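Asks: Structure below; questions to follow.
Laboratory data are not the source of any read-out in this text; all were calculated from the coordinates shown. Bear in mind the structure is a predicted one, so any value in this text is a computation, not a measurement. Cβ placement follows ideal geometry from the backbone for every residue including glycine, while neighbour counts extend to all protein chains displayed.
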Amino acid sequence: MRSRTAAAPTSPPRKAAPATYSRTDHIAMVVLATVGCLLLLAPQRDPVFTHAVPRPPARARNANCRILNSTLKLSSCDDNYDENYVYPLLITGVGRSGTRFAAKTLTARGYDVAHDDARVGRVGAASWPLAIREGAYAYQLPNFAQVNAGFRGPNPRWRVRRVFHQTRDPLKTVLSRANSVGMMVSPWSYSDPLLFRDGLGYCPGFPPASELEAWRRDRRAVEGGGAPWTQDMRLRVALFHYVFWNDWVRAYADWTYKVEDFDADEIARRAALGPPRPPARPIPAAAAENSRAMDPALASVTWADLERISPVVWRRATRLAREFGYDY
């Protein structure tokens, strides 16, 4: 009989059991993963309006950093901005291209867009002066511009996410600008070829010496000699303004469209404005239009007549007009 104390037969050694996690460890990992997912999905909110603050977009195809850093457009060229004040939209273009109409129409649809003479709305602004950042080649906003302090000066901290370039029939634009003598407190600043070539570094329509000298001669006569504005002076300033300003805005804008084809829904879609909201400012009255009776001396001017004023700049204007979709 085998004794109970006899050694039991030996068996092969068992492999070590894999490491296991306690119930507490599992709960901790689930909590951490959940928190991480929520942080990734939660948008960063702008306290000024209800849009998530965007990351700077990739550099535009047709604009270099010298151009972009002379604008208010959010870009990868510049990180010196306040991410809490990035407005969704700026509609801009040459003066007299219908920015008041754009501001009034969008605001009436529930998108708070301001014009030149008001602080920027919750969605943004429709304003031709905001096409250039203050300080570039001594550029200053006109005295009627009531834009927020965050957009002013050579180092503004506020930005706009998207810039849309609004155009209008070229002849109507030029004549309307020439007709607005009362607005021409500083017309030379806004039609100065040197602002765009030397200050901003972009002026594909820069005039030849003879046409530049004609512009300078007009300036000396008016500013230095107190000469009255002649029709040729008014048309030259307006034509220069049309060409240089449109070339500049087109160089960095996200989209160009004709005011004659204005579509508020398409603008809202392209700018990702989301659903409309009641505007924070009163809707402009229907009668509050930015129009003036046309000077009879200008009413009969044709597009061909402008060639005599400045042939090379006129040819550039004609090319722009056709590229914008106008039959000139």
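Asks: Label the stretch 87-136 by shape, choosing from rounded, prolate and oblate, from the square roots a ≥ b ≥ c of the eigenvalues of the Cα gyration tensor; if a/c is under 1.5 it is rounded, and otherwise prolate applies when a/b is larger than b/c, oblate when it is not. Before the final figure, lay out each step's value.
Replies: Numbers: a/c = 2.32, a/b = 1.45, b/c = 1.59.
Cα axes put the stretch 87-136 in the oblate bin.
Asks: Here's a follow-up. In what sequence, highest mean first, do 134-140, 314-320 appear when ranked by Cβ atoms within 10 angstrom?
Replies: For the peptides 134-140, 314-320, the packing ranking is 314-320, 134-140.
Asks: Using a/c under 1.5 as the rounded threshold, could you call the stretch 82-203 rounded, prolate or oblate? The axes a ≥ b ≥ c are square roots of the C-alpha gyration tensor eigenvalues, and prolate needs a/b larger than b/c, oblate otherwise.
Replies: On the way: a/c = 1.78, a/b = 1.14, b/c = 1.57.
Since a/c reaches 1.5 but b/c is at least a/b, the shape of the stretch 82-203 is classed as oblate.
Asks: Listed highest first by mean packing, meaning other Cβ atoms within 10 Å per residue, what order do 298-307, 73-82 come in? Could you put the intermediate results ahead of the total?
Replies: Working: 298-307: 14.1, 73-82: 16.5.
Sorting 298-307, 73-82 by mean packing, highest first, produces 73-82, 298-307.
Asks: Averaging over all projection directions, find the projected area of the Cα convex hull of the stretch 65-151 and quote it in nm² with one decimal place. Kindly include the intermediate steps, with their values, before the conclusion.
Replies: Numbers: hull surface 23.4 nm².
It is 5.9 nm².
Asks: Counting only Cα atoms, I'd like the Rg/Rh figure for the stretch 60-111, Kirkwood definition for Rh.
Replies: Working: Rg = 13.9 Å, Rh = 13.3 Å.
Here Rg/Rh amounts to 1.05.
Asks: So, one more: What's the local net charge at R220, with K and R +1, D and E -1, over the other residues with C-beta under 15 Å away?
Replies: Numbers: positive: R216, R217, R219, R236; negative: D192, E213, D218, E223, D232.
Here the count lands on -1.
Asks: What is the Cα centroid distance between the stretch 287-328 and the stretch 92-130, reported in whole angstrom?
Replies: So the two Cα centres are separated by 23 Å.
Asks: Sticking with this structure for a sec: Measure out, as a whole number of angstrom, how far apart the alpha-carbon centroids of the stretch 141-165 and the stretch 182-240 sit.
Replies: Distance between centres, Cα-based: 24 Å.
Asks: Would you mind working out the magnitude of the charge dipole of the stretch 66-207 relative to its Cα centre, with +1 at each Lys and Arg C-beta and -1 at each Asp and Glu C-beta, to the nearest 20 Debye? It would help to have the intermediate numbers written out before the result.
Replies: Numbers: 18 positive and 11 negative charges, 83 e Å.
It comes to approximately 400 debye.
Asks: Further question: Can you work out the Karplus-derived ³J(HN,Hα) for every residue in the stretch 99-108? Use 6.51 cos²θ - 1.76 cosθ + 1.60 with θ = phi - 60°, whole Hz, and x for glycine or proline.
Replies: 5, 5, 4, 4, 4, 5, 5, 5, 5, 5
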